[in-house]
Amino acid sequence: MNTKYRRAVAGFATVILLSMLAFATAFGKPQWQMIKLKNGLQVIVIENRSVPLVTVEIAVKNGAYTETPEYNGLSHLYEHMFFKSNERSRAEGYHDRPAELGMLQNATTREEVVNYYTTTVKTGTRDAMVLMRDAIRYPLFDQRELTQEIQVVLDELAQHRSNPFFYLINAMDQRLWYKYTSRKNPGGDPETVAKSTPEMMKTIQRKYYLPNNSSLVVAGDVNAQEIFKLAEELFSDWPRGKDPFVEDPVPKHPPLTKDEAVIVNQSVNAATIQFGYHGPSTDTDAPATYAADVFSFILRQPNSKFSRELIDTGLTTGTGLNYYTQLNVGPISLLAQTTPDKLKDALKAINAQIKQFDSPDYFTDEELESAKTLLDVNEIYGREKPSEYAHTVSFWWASSGLDYYAGYVENLRKVTRADIKRYVDKYIKDKPRVVGVLISEADQKRIGLTEKDLLVRETPGLEKREEKPTSSGTTNKPEQKAKTGSATTTGEVKRKSRP
Ligand SMILES: [Zn+2]
């Protein structure tokens, strides 16, 4: 246990007795050290000696946002090829050492980052760094292995399509990101994946797999100075290349110009409602991203007006607002789970809530302060597992830059009621949106639901509607989170607001 960590733990015990606020402001600071090699590789070290394990991670700014339709899914396929054969790995005995060290490997493809990681025992740190270097620098894209992985990816994509929610998400994405849909679809297009070739993989490698477009994150039982030396030794001769985002800029998603509605029929018993908006981008409106996180968090609390009006009334079984932080237009989504019979009332009630989002009494000062504290505490809990923290740091490095993340908690703290009002007025209230409903065809007919119903914003006299009594004192509220559509080699689809 290093001193910083010990201090944090000791501090925790004392501070609980004082106030959560003091705890949060004292410890919400970033806990990494970093250097940049001459070739542009960002090296980030997170020392955490709580367990004798080390995670070595490489993140690359690649992913859906770099993909035209002709390349949609190829960042993901590349991810699957990363730990396959490379120029070094075919040497005899190459795989003995990782097996001996019990190295675990995995990777994730998101919209704005692809990250690869291996976790091993402390004594395997150097071996893990060598393994990662060989994988990133010397891939072979062997045709036989590629053919195999194409099939694995196609199976994964087919599996996604067996989930009814896929069709709602897809229909929403087609409308929200109408001009550049592929750039928000990390899983990829099966037809494109099926046709990909080793030459296409090499094109991605030459364009994006450059030290000046990557970061190396080492987290766990390590010494930062030693890792910096090792990184210099193993990675400094990796040649820098042209900045891919200067060579081939990512186009900004054009804003929605009007409301859109979509009803998706699948054989489901319940009904799901989703409202989608274009939220802020980290590069053009960072202050709104902080306000977004605080506001979403206030609404998610079981005692918020939002939860009371939508869940405690029995209109929905779960409702939540989420903002997903992104460089290139982060989506805001409001999700609600209900029954076909309550669907129309639920829609009206949600619209009525959105109308009040910017009213001064929509949440109390206490709710505002407690949301900030809880977010801060969540952020700190998220650092407990060094491997998870490495993924989080990679995510922010790509989507916002580390300066943003370093100041994250401090900036959340500064969010005022006026900031939230500005955010709501700029991105949600009276703004063009996409409203989607997932429902079975039979239920849609039975309740007489049309897309027109989803386009209605105003319901006169709704405020007079009598509140139905809550069925029981306890509300079972599953946390609703927006999709991020990331794909992992384990085939798991991650759904989280942030890593
Ligand atoms: Zn995959």
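The values are calculated or read from the model by the stated rules, or taken from the named source; none is laboratory data. This structure is a prediction, so every number in the text was calculated from the model and none was measured. Here Cβ is always computed from backbone atoms with ideal geometry, including for glycine, and neighbour counts include all displayed protein chains.
A few comments on the model shown:
- The set of residues in region 141-156 that are surrounded by fewer than 18 Cβ atoms within 10 Å (Cβ to Cβ) and either outside any helix (DSSP H, G or I) or more than 15 Å from the ligand (Cβ to nearest atom) (or both) comprises Asp142, Gln143, Arg144, Thr147.
- The one condition in (1) touching a residue at least 60 places away in the same chain (Cβ under 8 Å); (2) within 12 Å of the ligand (Cβ to nearest atom) that Val121 fails to fulfil: (2)
- Of all residues in region 53-71 being part of a strand (DSSP E or B) and β-branched (Val, Ile, Thr), the one that is farthest from Ser387 (Cα to Cα): Val60
- Output for region 173-197, where each listed residue is part of a helix (DSSP H, G or I) and either surrounded by 15 or more Cβ atoms within 10 Å (Cβ to Cβ) or within 16 Å of the ligand (Cβ to nearest atom) (or both): Asp173, Gln174, Arg175, Leu176, Thr181, Ser182, Arg183, Lys184, Pro190, Thr192, Val193, Ala194
- Within region 215-274, if we keep just the residues that are of a type in the set (Ser, Thr, Tyr) and assigned to a loop (DSSP other than H, G, I, E, B), the residue that is farthest from the chain's Cα centre (by Cα) turns out to be Ser236.
- On inspection, Ser497 fails the criterion of being small (Gly, Ala, Ser) and either within 16 Å of the ligand (Cβ to nearest atom) or at pLDDT 95 or above (or both).
- Test: residue in region 92-110 that is modelled with pLDDT of 95 or more, away from the ligand (no atom under 13 Å from the Cβ) and not charged (D, E, K, R): no
- Enumeration of residues in region 275-294 that are touching an Asp or Glu at 6+ places or on another chain (Cβ under 9 Å) and either part of a helix (DSSP H, G or I) or more than 29 Å from Tyr65 (Cα to Cα) (or both): Pro287, Ala288, Tyr290, Ala291, Val294
- For region 239-267, a residue qualifies if it is buried (at least 17 other Cβ atoms within 10 Å of the Cβ) and either touching a strand residue (DSSP E or B) at 6+ places or on another chain (Cβ under 9 Å) or among the small types (Gly, Ala, Ser) (or both), and the qualifying residues are Gly241, His253, Leu256, Glu260, Ala261, Val262, Ile263, Val264.
- Residue selected from region 157-172 under the condition more than 16 Å from the ligand (Cβ to nearest atom) and closer than 20 Å to Glu111 by Cα, by the criterion nearest to the chain's Cα centre (by Cα): Ile169
- For the condition touching a residue at least 40 places away in the same chain (Cβ under 8 Å) and in the same structural domain as Val434 (by TED's automatic domain parsing), Pro280 qualifies.
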